[in-house]
Amino acid sequence: MISPRFLALLIFFLTHSLVAASAIIVIDPGHGGEREKDRSDGSQKGHGSSWNNAHSATGGYLEKKLTLEYSQEIAKALAASPRAQKLGAKGILTRHSDQQLSAMGRAAIAVEHRARVFLSIHFNGSSSHRAEGTRGYICSEDHPHWEYMHFINPYADRDRAFSDLVVKKVANALQPFGADPTKAKTIGDSKHDGGHLKDGIRTLGFARQDTHLYQAVVMLLEVEFIDNPKISQWLLGPETRDKARQAVAAAIVTAICDHLEHDTPPTQPRKSR
Ligand SMILES: [Zn+2]
């Protein structure tokens with residue numbers, strides 16, 4: 001004879017063990033705030049994360065505003081996705097308003113929550129204003145002295161696989177609007193592309209140097225080049241703007257779910273070389 005109290009306890013433990021452990025997804029809307037540039041090359045002193053680098057070719061949109069809108073859309077799509085809920089995915093934003101955060105401060109939020117995914121959202125610009133394509137950035141093994149930080153990312157294989165997945169899904173989602181998925185790629189060395197990224201991309205280094213984030217994949221996504229008039233037209237045009245943002249958010253949620261479903265995170269920190 002099982003006592004009702006024992007039965008109640010049994011049911012409690014069974015139902016609670018069936019709930020998936022939560023997987024914290026930290027989404028970082030790049031830039032924010034009004035801090036002025038303070039170096040001649042346009043980057044900032046110290047550990048700052050710059051104000052708003054890229055400007056759209058049309059409409060006068062600032063990167064910092066778009067990164068926040070896209071990040072909020074991703075968090076919303078994550079919360080609405082039954083698949084993401086089943087996987088315990090929970091979105092957290094590093095900022096909710098037009099606020100200046102340091103690169104280290106952004107990484108610290110991922111560390112604090114022991115994130116499984118740390119994704120920094122940006123929009124690109126180029127000196128020719130003609131470049132296009134979705135870009136993923138990671139701390140790569142190809143670049144040992146990674147952006148002033150002397151370490152080799154022991155998780156580069158994991159980060160690259162995740163970045164490839166996100167970049168491919170986002171580029172494919174934007175193809176119907178006018179994006180060219182053949183121009184999409186993952187880059188491990190920020191010197192090869194987007195030198196202006198210096199401050200924003202340093203966030204990745206701080207996240208990767210922290211041994212607490214050993215279960216996370218860490219990347220920075222440049223959705224598209226907003227200073228290219230051709231891209232800007234469909235990415236920010238009044239007819240397609242909302243649809244493009246929703247398509248990107250849905251693609252990122254799919255990529256995150258694909259990753260969580262197949263990922264076996266390390267059980268302890270790997271040694272940095
Ligand atoms: Zn940026």
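The values are calculated or read from the model by the stated rules, or taken from the named source; none is laboratory data. Note that this is a predicted model, so its numbers are computed, not measured. Reconstructed Cβ throughout: ideal geometry from the backbone, glycine too, with neighbour counts over all protein chains shown.
Observations, loosely collected:
- Near pairs, Cβ below 9 angstrom, 6+ apart or cross-chain, from the range 158-179 (over 17 Å from Phe123 (Cβ atoms)) to any residue that is of a type in the set (Ser, Thr, Tyr) and not in a helix (DSSP H, G or I): Asp159/Ser140; Asp159/Thr186; Arg160/Ser140; Arg160/Thr186; Asp164/Thr186; Lys168/Thr134
- Residue in the range 53-93 that is nearest to the ligand (Cβ to nearest atom), counting only those that are of a type in the set (Ser, Thr, Tyr) and either modelled with pLDDT of 95 or more or under 13 Å from the mean Cα position of the chain (by Cα) (or both): Thr67
- Set side by side, the residues Asp193, Asp164 differ, and just one is modelled with pLDDT of 95 or more and either in contact with a Lys or Arg (Cβ under 9 Å, 6 or more places away or on another chain) or farther than 18 Å from Ile231 by Cα (or both), which is Asp164.
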